[in-house]
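*Asks:* The structure is given below, and queries will be raised subsequently.
The values are calculated or read from the model by the stated rules, or taken from the named source; none is laboratory data. Model, not experiment: these values are computed from the prediction. Neighbour counts run over all protein chains shown; Cβ positions are idealised from the backbone, glycine included. When the accessible area is computed, the model is the full protein with side chains, heavy atoms only, and any ligands, DNA or RNA have been set aside. Shrake-Rupley method; radii C 1.70, N 1.55, O 1.52, S 1.80 Å.
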Amino acid sequence: MKPKLVGSWNGKGTIAERPFEFSSMTLASDGTYTAIAKYADTERALTGHWKIENDVLSLDGGTRSYQFAFEGDNKVMFTDTAINETIKMSRVE
């Protein structure tokens, strides 16, 4: 499953629909990631490490965890397991 998640993704939706969103995220094959997270009017750059455990994307040793489900090869829904909010992202071609 990990190779399918490797790549760059753009977030869909608006900040009004959830407390935060990833406007973009890149999951590298070496287990590192970069992301831009939006919280209301604030953007924050994030970097760290990622892995898949029990079909859950875990960032930074589990400080953030997301269940995920693919919609075809180019769209994925991430659900923040702590707050049960969903983020839809599309693969950047």
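*Asks:* Taking the simple approach of a point 7 Å from Cα along Cα-to-Cβ for both His49 and Thr63, what is their distance in nm?
*Replies:* The two pseudo-label positions are separated by 1.3 nm.
*Asks:* Same structure, new question: Through the Karplus equation 6.51 cos²θ - 1.76 cosθ + 1.60, θ set to phi - 60°, convert the phi angles of segment 68-84 into ³J(HN,Hα) values in whole Hz; use x for Gly and Pro.
*Replies:* Coupling constants for segment 68-84: 9, 9, 7, 10, x, 8, 10, 9, 9, 9, 9, 10, 5, 5, 7, 10, 6 Hz.
*Asks:* On a C-alpha basis, how far is the centre of segment 73-91 from the centre of segment 38-67 in Å? Whole number, if you could?
*Replies:* Each part reduced to its Cα centre gives a spacing of 11 Å.
*Asks:* Throw me the Rg/Rh for segment 35-93, computed over C-alpha atoms with Kirkwood Rh, two decimals.
*Replies:* Dividing the radius of gyration by the Kirkwood radius yields 0.96.
*Asks:* Let me ask something else about it. What accessible area per residue, rounded to a whole number of Å², is obtained for segment 27-81 using a probe radius of 1.4 Å?
*Replies:* 57 Å²
*Asks:* What is the set of long-range amide H partners of Arg64 at a cut-off below 5 Å, with H atoms built 1.01 Å from backbone N?
*Replies:* Sorted by chain and number, the residues that satisfy this are Leu59.
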